[in-house]
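Throughout, read-outs are computed from the coordinates displayed, never taken from laboratory work. If you're wondering where the values come from, they're calculated on a predicted model, not measured in any experiment. Heads up, the Cβs are rebuilt from the backbone with ideal geometry, glycines too, and the neighbour counts pull from every protein chain shown.
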Amino acid sequence: METIVTGKDTEVKFGQGLPTVIIAERINPTGRKKLAEELQDGKLDILREDARKQTEAGGNIIDINVGAVSVDEVEMLPRAVEAVMEETNQPVCLDSANPEALKAALKVYPYKALINSVNGEEKLMKNLLPIAAETGSAIICLTMDEEGIPESVEKRLEIAEKIIKRAESLGIGLEDLVFDALVMTNATNSEYARITIETQRRLVKEYGVSITGGYSNISYGMPNRNLLNIQFISMGIMNGLAAPITDPLIPGLIQAMKAADFLAGRDPYGMNYLSFYRK
Ligand code: THG
């Protein structure tokens, strides 16, 4: 099963057995005061630079989150999408829970986008899955619901099953559902990394779906976050991770991913690895 999203003259494919692709996360005002201030002033200079730099660094899909205090996402998300399209041909991932903002952004995006995200909450499934169905977008599905983030793998799988059934009833194919097994900081509970990996393995085994996750979450509160992020992405790649949400500018991350793809049998004969080092 392959998930496909597109930009201008660009197709990005990911799924089991395919090389890992990066959903580039930097366009997000969380923890970035300057970006938040620009968005509040209606400016898009930093956002444009982030789109360009992340593409140059090897980001394959550009996540766009404009959710800051007092920013009207319905107005800002489509403007941000238009700005990103002027800087890069890589497809976009629309990171918002606001159905009106998503609809407005999808209206100005003439290609196939990734929506980020729905979860097992009744209200979200009711509001967001029809938008994915009607626009032919792919959509990230979080394995949580109105009761929060389940600690157990079994409960996360039950929620996945519920979302899959609902999506199927709207005619959304399994290839357009990208599952987020939920990455939480391992500083809080040292089983969290294992729970995420186990959930991913089960989702792949039972449904064959593409897997994503906010991989930078693993290291909150710990020193040398980049090291933990890189290590956890490598572990994910051996265990079915198709498209991590992460920062492609982290030094060494792209190299580690190419190595992990090769070792996980996702880069036959090391063709990508070899061509990376021929450059
Ligand atoms: N799952 C899905 N989508 C997501 C997440 C997820 N979207 C948002 C988030 N989690 C992933 N994106 C980010 C973006 C930024 C940071 C972490 C995750 C981050 N920012 C630095 C900080 O806050 O300290 C600042 C970065 C900088 O200035 O360089 O850590 O889990 N589906």
Subject >> Sites E158 and E191 - FRET efficiency at Förster radius 25 Å, r taken between beta-carbons, to 0.05 >> reply: 0.85
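Which whole-number percentage describes the relative contact order of the stretch 94-196, with Cα contacts under 8 Å and a sequence gap of 6 or more? Each step should come with its number before you reach the end.
Details: 145 pairs, mean separation 24.4, N = 103.
Relative contact order, the stretch 94-196: 24 percent.
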**OP:** Once you've got the GNM for the chain with C-alpha springs shorter than 10 Å, pick whichever of G17, G221, G136 has the biggest mean-square fluctuation.
**Re:** G221
Original post:
If the chain between N89 and E151 were fully stretched, how many nm would it gain, using 0.36 nm times the residue separation less the Cα-Cα distance?
Top reply: 18.5 nm
Subject >> Reachable lysines from K33, criterion Cα separation under 30 angstrom, eight or more residues apart if same chain >> reply: K43, K53, K103, K107
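Please get the size of the charge dipole for the chain, origin at its Cα centre, with Cβ charges of +1 on Lys and Arg and -1 on Asp and Glu, quoted in debye to the nearest 20. Numbers along the way, then the final one.
On the way: 30 positive and 40 negative charges, 153 e Å.
That gives the chain a dipole magnitude of about 740 debye.
Percent relative contact order of the stretch 16-124, based on C-alpha pairs within less than 8 angstrom and at least six residues apart? Kindly include the intermediate steps, with their values, before the conclusion.
Numbers: 168 pairs, mean separation 27.0, N = 109.
Contact order relative to length: 25 percent.
Cut-off is 10 Å between beta-carbons; in what order do R194, R166 appear when sorted fewest neighbours first?
Details: R194 13, R166 17.
Taking fewest neighbouring Cβ atoms as first place, the list is R194, R166.
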Subject >> In nm, spacing of pseudo-spin labels at L170 and E206 (7 Å Cα→C-beta vector) >> reply: 2.1
Subject >> Surface/4 of the Cα convex hull for the stretch 1-71, nm² >> reply: 5.8
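Size of the dipole of the stretch 25-140 about the Cα centre, Lys and Arg at +1 and Asp and Glu at -1 on the beta carbon, nothing else charged, in debye to 20? Spell out each step's value before the answer.
Values: 14 positive and 20 negative charges, 32 e Å.
About 160 debye.
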**OP:** Please report, to two decimal places, log10 I(q)/I(0) for the stretch 97-141 at q = 0.33 Å⁻¹ as given by the Debye formula with identical point scatterers on the Cα atoms and no solvent.
**Re:** -1.41
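Counting only helical runs of four or more DSSP H residues, what would the 222 nm mean residue ellipticity of the chain come to if each run contributes -39,500 (n - 2.57) and the total is spread over all its residues? Kindly include the intermediate steps, with their values, before the conclusion.
On the way: 10 runs with 126 residues, N = 279.
Rounded to the nearest 500, the figure is -14000 deg cm²/dmol.
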**OP:** Taking each pair of different alpha-carbon atoms in the chain once, compute 1/r for the pair, average those values, and report the inverse of that mean as the Kirkwood hydrodynamic radius in Å to one decimal.
**Re:** 18.8
Original post:
Using the count of nearby Cβ atoms within 10 Å as a rough guide to exposure, how do Y192, Y111 rank from fewest to most?
Top reply: Y111, Y192
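Would you work out the relative contact order for the chain, in percent, from Cα pairs under 8 angstrom that are 6 or more residues apart?
Numbers: 557 pairs, mean separation 55.8, N = 279.
Across the chain, relative contact order equals 20 percent.
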Original post:
What's the exposure ranking of F262, F14, F276, going from fewest to most Cβ atoms within 10 Å?
Top reply: F276, F262, F14
Subject >> Alpha carbon convex hull of the stretch 59-156, projected area averaged over orientations, nm² >> reply: 7.2
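Please report, in debye to the nearest 20, how large the charge dipole of the stretch 194-279 is about its Cα centre when each Lys and Arg carries +1 at its beta carbon and each Asp and Glu carries -1 there.
Values: 9 positive and 5 negative charges, 21 e Å.
With only Lys, Arg, Asp and Glu charged at Cβ, the dipole is about 100 debye.
If you average over every viewing direction, what projected area does the convex hull of the Cα atoms of the stretch 160-225 give, in nm²?
Numbers: hull surface 19.1 nm².
The directionally averaged projection comes out at 4.8 nm².
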Subject >> Distance from the stretch 91-165 to the stretch 186-247 (C-alpha centre basis), Å >> reply: 19
**OP:** Within the stretch 145-159, which residues have the backbone N less than 17 Å from the label spot 7 Å out from E122 along Cα→beta-carbon, could you tell me?
**Re:** 145-148, 159
Subject >> Cα coordinate range in the stretch 57-96, projected on the principal axes (Å, largest first) >> reply: 32, 15, 13
